[in-house]
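Below: one structure, written as structure tokens.
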Amino acid sequence: MARNLTPITDKEAAAALQKTIAQVEINLPLYTHQCQNNSSVNNIYPTCANNKWTTGFWPGEIWLAFERTGRPCFEAAGQTLVESFVDRIENRIEIDTHDLGFMYSPSCVAAYKLTGNERAKAAALKAADHLITRFHEKGQFLQAWGKTGDAEYRLFIIDCLLNLPLLYWASEVTGDANYAKIAQSHITTCLKNSFRADGSVHHTFFMHPDGTPSHGATCQGYSDDSFWARGQAWGIYGSILSYRYTKEEKYQKTFETALRFYLSHLPEDMVPFWDMLFTDGSDEPRDSSSAAIVACGLLEAKKYATPEKAAEYETLARQMLQSLSKNYAVPAPVPGAGQLLHGTYNKHTLYNTCVSEGIDECTSWGDYYYMEALTRLVNPAWNLYW
Ligand code: GLY
């Protein structure tokens, strides 16, 4: 565990953000009327239809570029993509998932917050309405995958913590407390079951038919008892986001224990291997997206921390971002490229259930969270899309 990395300065962060904006601009012709795939292939993103859990991240990058520059080309592309998300929820395209927050917060909530687009607001509210249909009263959780009620999928996953802000936002804009109540019921169940005593997390958690907890497992980590690096990052950022909206002290405590586990399993350059079972000396691939997500969590947590802790969190985030910008960022804009190299989407092992895809590639969420973290440094008053 090294803490020798020089923290990124404001000037370096501004330059790194500028570089990401140049990449977004060069990509606009490719991914305005089609979506960007979840991960790259040989570091270039294929296009795809708006039918994946990841399609909200690219519009999120566009909105971040628009916020920083005010340029109409970004607004126009962001609004075009909003229409694709309106179509997706209205026509119920691949929405049997809890990932509606990942899809609708950085695309439609962002568009509504930045431009007042009422169609974006209505689409995001419809997405929130659909998300709460996935809530199981028995067991008090939001079902992650599959059709609601499908016995094979009586489970939730740690990633869902990033879908909860859509529900907090829906309560804020409608005045209906039910969305936030469901979010809090879900995180209560998640905190009880997904977080192990040492602060590490289970990726997946299965429930019994009567709503009692069954067992933790993994789909995307190395094995059921290992430490999937992105899951740990979702746990870190997700718990502090729920703290932001509720001020429940236990969420902040969870952030802290999950963070300590993460920090104690990092390699020298503070960018984890795809599973934190692996460390320096391993030839396993990294997951740069995990570091970008955690940097966002640290910069959010800093707002609610004591001055000493706030300084520590900020330094850690700046160190991670220095490492990412120096050694993981795409060196110069290329049409179709992402922002961060060396992410890992799914790596199949003998002990997990995922299908290999996007190994040592750019990932759309890694790109987005890298830009978000840089934005947070450059503009500490940044108003979240989450
Ligand atoms: N939410 C799925 C993933 O992080 O890969």
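The values are calculated or read from the model by the stated rules, or taken from the named source; none is laboratory data. This is a predicted model, so every value here is computed, not measured. So basically every Cβ, Gly included, is an ideal-geometry build from the backbone, and we count neighbours across all protein chains shown. The area values use the complete protein model at the heavy-atom level, side chains included, leaving out ligands, DNA and RNA. Shrake-Rupley method; radii C 1.70, N 1.55, O 1.52, S 1.80 Å.
Assess whether GLY338 counts as being in contact with an Asp or Glu (Cβ under 9 Å, 6 or more places away or on another chain), open to solvent by less than 10 Å² (accessible area, probe 1.4 Å) and under 19 Å from LEU30 (Cα atoms).
yes
Residue-by-condition table, conditions (1) surrounded by fewer than 16 Cβ atoms within 10 Å (Cβ to Cβ); (2) of a type in the set (A, V, I, L, M, F, W, C); (3) closer than 20 Å to ALA317 by Cα:
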| residue | (1), (2), (3) |
| --- | --- |
| ASN27 | no, no, no |
| ASN37 | no, no, no |
| SER40 | no, no, no |
| THR54 | no, no, no |
| LEU64 | no, yes, yes |
| GLU67 | no, no, no |
| ALA77 | no, yes, no |
| ASP87 | yes, no, no |
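Give the residues of segment 167-187 that are of a type in the set (Ser, Thr, Tyr) and either over 25 Å from CYS219 (Cα atoms) or open to solvent by 50 Å² or more (accessible area, probe 1.4 Å) (or both), sorted by residue number. Result: TYR168, SER171, THR174, TYR179.
Quick one: which residue in ASP280, ASP275 is buried (at least 18 other Cβ atoms within 10 Å of the Cβ) and among the charged types (D, E, K, R)? Steps first, answer last, please.
Values: ASP280 fails: buried (at least 18 other Cβ atoms within 10 Å of the Cβ).
Matching residue, one of ASP280, ASP275: ASP275.
Among all positions in segment 248-258, there is at least one residue which is touching a residue at least 24 places away in the same chain (Cβ under 8 Å) and within 16 Å of the ligand (Cβ to nearest atom). Looking only at segment 355-370, which residues are within 10 Å of the ligand (Cβ to nearest atom) and open to solvent by 10 Å² or more (accessible area, probe 1.4 Å)? Matches in segment 355-370: GLU357, GLY358.
Cβ-Cβ contacts under 6 Å between residues 6 or more apart (or on different chains), taken from a first residue in segment 49-69 that is closer than 17 Å to ALA22 by Cβ and in contact (Cβ under 8 Å) with a residue 60 or more places away in the chain to a second residue that is of a type outside the set (A, V, I, L, M, F, W, C) and more than 16 Å from the ligand (Cβ to nearest atom), are listed as TRP58/TYR31; TRP63/GLY78; LEU64/THR375.
Just name the residue that is farthest from SER40 (Cα to Cα) out of those in segment 55-96 that are among the acidic types (Asp, Glu) and more than 16 Å from the ligand (Cβ to nearest atom).
Out of the qualifying residues, it is GLU90.
Scanning segment 90-106 for residues that are open to solvent by less than 10 Å² (accessible area, probe 1.4 Å) and touching a Phe, Trp or Tyr at 6+ places or on another chain (Cβ under 8 Å) gives HIS98, GLY101, PHE102, MET103, TYR104, SER105, PRO106. Of all the listed residues (ASN352, ASN346), the sole one being polar (S, T, N, Q) and surrounded by fewer than 21 Cβ atoms within 10 Å (Cβ to Cβ) is ASN346.
Can you tell me which of (1) farther than 27 Å from ILE21 by Cα; (2) open to solvent by 10 Å² or more (accessible area, probe 1.4 Å); (3) in a loop (DSSP other than H, G, I, E, B) is the one GLU312 doesn't meet? Unmet condition: (3).
No other residue among ASP176, ASP225 is away from the ligand (no atom under 16 Å from the Cβ) and closer than 27 Å to ARG92 by Cβ apart from ASP176.
Among the residues making up segment 329-347, those that are within 13 Å of the ligand (Cβ to nearest atom) and either part of a loop (DSSP other than H, G, I, E, B) or touching a Pro at 6+ places or on another chain (Cβ under 9 Å) (or both) are GLY343, THR344, LYS347. Residues that are under 20 Å from the mean Cα position of the chain (by Cα) and under 23 Å from ARG260 (Cα atoms): does segment 168-181 have at least one? Looking for residues that are under 20 Å from the mean Cα position of the chain (by Cα) and under 23 Å from ARG260 (Cα atoms), one finds none in segment 168-181, hence no. In the set (1) open to solvent by less than 10 Å² (accessible area, probe 1.4 Å); (2) assigned to a helix (DSSP H, G or I), GLN322 fails one condition alone, (1). Taking segment 97-166 as the region of interest, the helices (runs of 4 or more DSSP H) fully inside it that hold 2 or more residues being free of Cβ contacts under 8 Å to residues at least 60 places away in the same chain, more than 14 Å from the ligand (Cβ to nearest atom) and under 18 Å from ALA183 (Cα atoms) are 118-132.
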